[in-house]
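This report concerns only the one structure given below.
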Amino acid sequence: MKLRSLVIIILGGALLSASSLASVFPLSRPEEPGAEDDPLVIKVGPARLTPLKKEAIAWIDAEAADLAKLSDTVWAAAEVAMEEYVSSETLAVYLERRGFKVQRGVAGLPTAFVGVYGAGEPVIGFLAEYDALPGLSQRAESGQNPVEAGTPGHGCGHNLFGAGIVAAAAAVKDVMARHGLLGTLKVFGCPAEETVEGKVFMARAGVFDGLSCSFYWHPGGDNEVPPGSSNALNQFEVEFIGKTAHAAGDPWNGRSALDAVELTDVGLNFLREHLPPTARLHYVIVDGGKAPNVVPDRARAWYYVRDLDRESVEKHYERVLKVIEGAALMTGTTYKIHFKSGVYERLANQAGNEVIYANLLAIGPPAFTQEEQAFAKEIQKNSGVEQNGLSAKIAPFKRPERSLGDGSTDVAEVSWLTPTAVLVIAATPLGVPGHHWSTVACSGMSIGHKALLTAAKVLSASCLDFLTQPQTIQKMREEWKADRHGREYKSPLPADLAPRVVPKKAPASD
Ligand SMILES: [Zn+2]
């Protein structure tokens with residue numbers, strides 16, 4: 001979707017789920033000549049670049065080559081959700097070498113970690129992601145050219161995301177150590193964002209408890225602090241169990257599990273009319289049987305139920321379950337629900353976002369060279385979109401708004417546990433799709449490196465504001481409390497649902 005909000009997009013129920021800012025953040029933004037007259041625009045001036053912030057920025061510049069290597073290592077590993085063994089270890093080792101104490105494997109997720117530095121209040125959370133997307137293998141070239149067709153690639157730029165976050169945390173740690181600043185930095189290595197899983201299990205396990213605030217960034221098409229939210233979601237598979245029979249010989253003895261899936265889908269498509277226009281239902285049939293001449297005794301489909309808020313999703317979900325029950329009754333089958341994940345809507349935090357925006361104004365967007373702009377235009381040409389290169393602008397700061405086109409993200413869970421702010425930095429050419437080979441290409445070369453360095457600078461400067469201005473965090477927390485209207489976070493996951501662990505592959509032997 002053209003993202004106005006930072007989220008991850010889960011497209012049409014397909015595996016592509018999540019993240020893509022690309023989908024949640026506008027990759028292509030129309031010119032905004034009337035920004036001054038736009039009632040949603042809020043005037044924010046640049047933050048002051050204090051001596052401490054300048055030290056953090058200088059530290060990041062001095063580390064630039066190492067950070068590019070770090071990002072490239074995660075890019076080359078290109079590990080999909082729950083398989084990020086190399087990526088998480090690479091980031092964990094980077095933090096350890098810079099003075100963080102790292103706990104590997106949290107909340108039952110082998111590829112999650114928490115890196116901690118410092119002591120006492122405030123406790124500031126840095127959210128890092130590093131999973132890739134299936135099937136998006138691509139070289140760092142301006143034309144589509146996979147490294148190995150069909151293998152994963154960083155089509156959401158999470159290699160930049162992870163490297164930018166650990167860079168920001170390490171830069172702040174360096175300044176804290178040198179100046180004896182108080183406070184705690186917690187870097188959360190969050191796996192499986194693209195499948196909307198990692199942070200949901202981490203939140204249920206209490207990993208994010210006790211934070212004063214948190215923040216993250218995402219590579220996108222523009223430089224901005226997006227005002228939007230994201231949709232709440234339940235995703236699950238239903239497995240129907242019937243009875244097989246020869247499809248021509250004695251079909252009357254069969255009970256078709258595929259019929260049950262089809263009747264569920266027919267029921268859901270009738271249900272749509274009686275759901276609010278903000279609701280979204282999507283599905284794919286994962287297993288519809290093996291051969292037409294065999295009545296399928298097993299069939300399986302995967303569903304997403306979304307709406308603007310958690311309460312609505314829970315209500316729609318109950319009605320969807322009734323449709324499934326009805327389909328089973330009609331077909332004489334039974335069924336099992338395999339709940340995969342659920343998330344809340346993300347709570348935007350204007351007070352925190354404003355701090356990040358002010359620092360973005362002070363530091364400025366990435367300065368792309370003519371060669372990088374030419375590379376981006378070549379990508380645009382090869383993608384069939386307008387050849388206007390990479391954004392060199394900072395989009396206006398706007399008050400929160402909801403749109404029907406938002407995706408879903410597991411960052412939402414963190415935003416219910418602590419005020420959570422966001423930054424988006426241009427790392428892909430304007431107008432290209434999200435979850436696309438072009439993002440993989442730009443994430444593996446200097447365009448992506450520049451974006452991650454800019455993000456690290458803006459976030460480290462913002463973090464120094466959070467550390468040294470208690471009133472800022474207080475304002476963030478007051479807004480966060482008001483936004484929840486007395487509602488407390490309750491995990492959408494069934495209590496007995498364990499994370500989907502994918503064991504580490506043994507190294508190949510000759
Ligand atoms: Zn993403």
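The values are calculated or read from the model by the stated rules, or taken from the named source; none is laboratory data. If you're wondering where the values come from, they're calculated on a predicted model, not measured in any experiment. Because the Cβ atoms are built from the backbone with ideal geometry, glycine has one as well, and the counts that use them run over all protein chains shown. All accessible areas refer to the heavy atoms of the entire protein, side chains included, with ligands and DNA or RNA removed. Shrake-Rupley method; radii C 1.70, N 1.55, O 1.52, S 1.80 Å.
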Open item on the list: Tell me which trypsin sites (Lys or Arg not before Pro) from region 279-363 have a DSSP coil assignment and no more than 12 other beta carbons within 10 Å of their own.
Closed with: Lys290
Open item on the list: I need the shape label for region 407-510. Rule: rounded when a/c is under 1.5, else prolate if a/b > b/c, else oblate, with a, b, c from the alpha carbon gyration tensor.
Closed with: oblate
TODO: Using the Kyte-Doolittle scale, find the helices of the chain whose mean hydropathy is at least 0.5 and whose Cα atoms extend 24 Å or more along the helix's long axis, counting only whole DSSP H runs.
DONE: 158-179, 446-468
Task: Other-chain or far-sequence residues with amide H under 5 Å of Ser341's (modelled H) - done: Gln235
Task: Whole-Hz couplings from phi, Karplus 6.51/-1.76/1.60, listed for region 248-255; x for Gly and Pro - done: 9, x, 8, x, 5, 8, x, 10
Task: Candidates per chymotrypsin sites (Phe, Trp or Tyr not before Pro) in region 213-285, loop by DSSP, up to 10 other Cβ within 10 Å - done: none
Task: Alpha carbon centroid spacing (whole Å) that separates region 457-510 from region 115-184 - done: 14
Open item on the list: Taking the square root of 5 times each eigenvalue of the Cα gyration tensor, what semi-axes in Å does the equivalent ellipsoid of the chain have, largest first?
Closed with: 39, 24, 23
TODO: Could you tell me what percent of the DSSP beta bridges with both partners in the chain are antiparallel, to the nearest 5?
DONE: 70
Task: Per residue, in Å², the accessible surface of the chain once ligands and nucleic acids are set aside, probe 1.4 Å - done: 38
Task: Low-density loop cleavage sites - trypsin sites (Lys or Arg not before Pro) in region 444-492, where at most 16 other Cβ are within 10 Å (DSSP) - done: Arg487, Lys490
- [ ] Tell me which residues come under 5 Å, amide H to amide H, from Lys393 once H is placed; ignore anything under 5 positions away on its chain.
- [x] Asn223
Open item on the list: For Leu423, what residues show an amide H to amide H distance below 5 Å, using hydrogens built from the backbone and excluding near sequence neighbours?
Closed with: Tyr216, Trp217, His218
- [ ] Tell me what the chain gives for mean residue ellipticity at 222 nm when only DSSP H runs of n ≥ 4 count, each as -39,500 (n - 2.57), the sum divided by the residue total, rounded to 500 deg cm²/dmol.
- [x] -12000 deg cm²/dmol
Open item on the list: For region 173-266, compute the orientation-averaged projected area of the C-alpha convex hull (one quarter of its surface), in nm².
Closed with: 12.1
Task: Overall dimensions of region 464-510 by Cα: Rg and Dmax, Å - done: 21.1, 60
Task: Accessible surface of region 331-488, 1.4 Å probe, proportion on carbon and sulfur as whole % - done: 51
Open item on the list: Greater than 21 Å separation of Cα atoms is the criterion. Which listed pairs, Lys290/Lys505; Lys243/Lys336; Lys340/Lys490; Lys450/Lys475; Lys54/Lys101, meet it?
Closed with: Lys290/Lys505; Lys450/Lys475; Lys54/Lys101
Open item on the list: With the cut-off at 1.5 for a/c, could you classify region 87-217 from its C-alpha gyration tensor as rounded, prolate or oblate?
Closed with: prolate
Task: Kirkwood Rh in Å, taken over region 240-377 so that all alpha-carbon pairs contribute - done: 18.7
- [ ] Would you work out if region 348-472 is rounded, prolate or oblate? Take a ≥ b ≥ c from the square roots of the eigenvalues of the alpha-carbon gyration tensor; rounded if a/c is under 1.5, else prolate when a/b is larger than b/c, oblate otherwise.
- [x] prolate
